[in-house]
Amino acid sequence: MFKTLLLQAVAILAVAVMAAIAAGMLAGSGGASSAAQSASLSALAGGAAYFLPNLLFVLRLRLSIATRQAGAAGFLVGEAVKLSAVIALLLFLPRLIDVNWPALLAGLFAVLFVNLFALLLKT
C-alpha cells in the first residue's frame, strides 16, 4: 500500500513539472513564469485532492488491520468517505487557487492511473 502511495507522490511531482514546462512554453516569454507556476500548482492540487484522502484511508486501513478490526463494511465506509473527501476538495480548490483546469485534471488522472499500474506491477 505504501509503495502505491510513493508512486502516486512521484507521479504528482512529475506531472507538476511537465505542466509547468508545457504552460511556460505555451505562454511565451511574457507571462511564462506566472502561467508555469499556476499550472504547476494546479497539477499539485489536483493530485493532492486524491492523494491526501487516499493516504488517510491507507493509514486507517492499516490501523484497523493492526487492531484486528478490519471488515468489509469498514472498508466500504472508508472508501465512501475517501471519495466524498476527494469530491469536496475538488469543489473547494477553485476558491483557494487560480485553477488551470487541464493541469489539475492531469494531476488527478496521474494519481488515479498509478493505481492501475501498481496492480499491473504487482502481478
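Since every read-out is calculated from the coordinates, none of them should be taken as a lab result. Quantities reported herein were computed from a predicted structural model and do not represent experimental measurements. Cβ coordinates were reconstructed from backbone atoms using ideal geometry, including for glycine residues, and neighbour counts include every protein chain displayed.
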Response to the item:
Just one listed residue, out of SER38, SER42, is buried (at least 16 other Cβ atoms within 10 Å of the Cβ) and farther than 25 Å from LEU6 by Cβ, and it is SER38
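This table checks each residue for (1) charged (D, E, K, R); (2) under 17 Å from the mean Cα position of the chain (by Cα).
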residue: SER64; (1), (2): no, no
residue: ALA70; (1), (2): no, no
residue: GLU79; (1), (2): yes, yes
residue: ALA106; (1), (2): no, yes
Worksheet, complete the sentence: Within region 114-123, restricting to residues that are in contact (Cβ under 8 Å) with a residue 24 or more places away in the chain and of a type in the set (A, V, I, L, M, F, W, C), the one that is surrounded by the fewest Cβ atoms within 10 Å (Cβ to Cβ) is PHE117
Worksheet item: Does any residue of region 83-105 turn out to be among the polar types (S, T, N, Q), in a loop (DSSP other than H, G, I, E, B) and touching a residue at least 40 places away in the same chain (Cβ under 8 Å)?
Response: yes
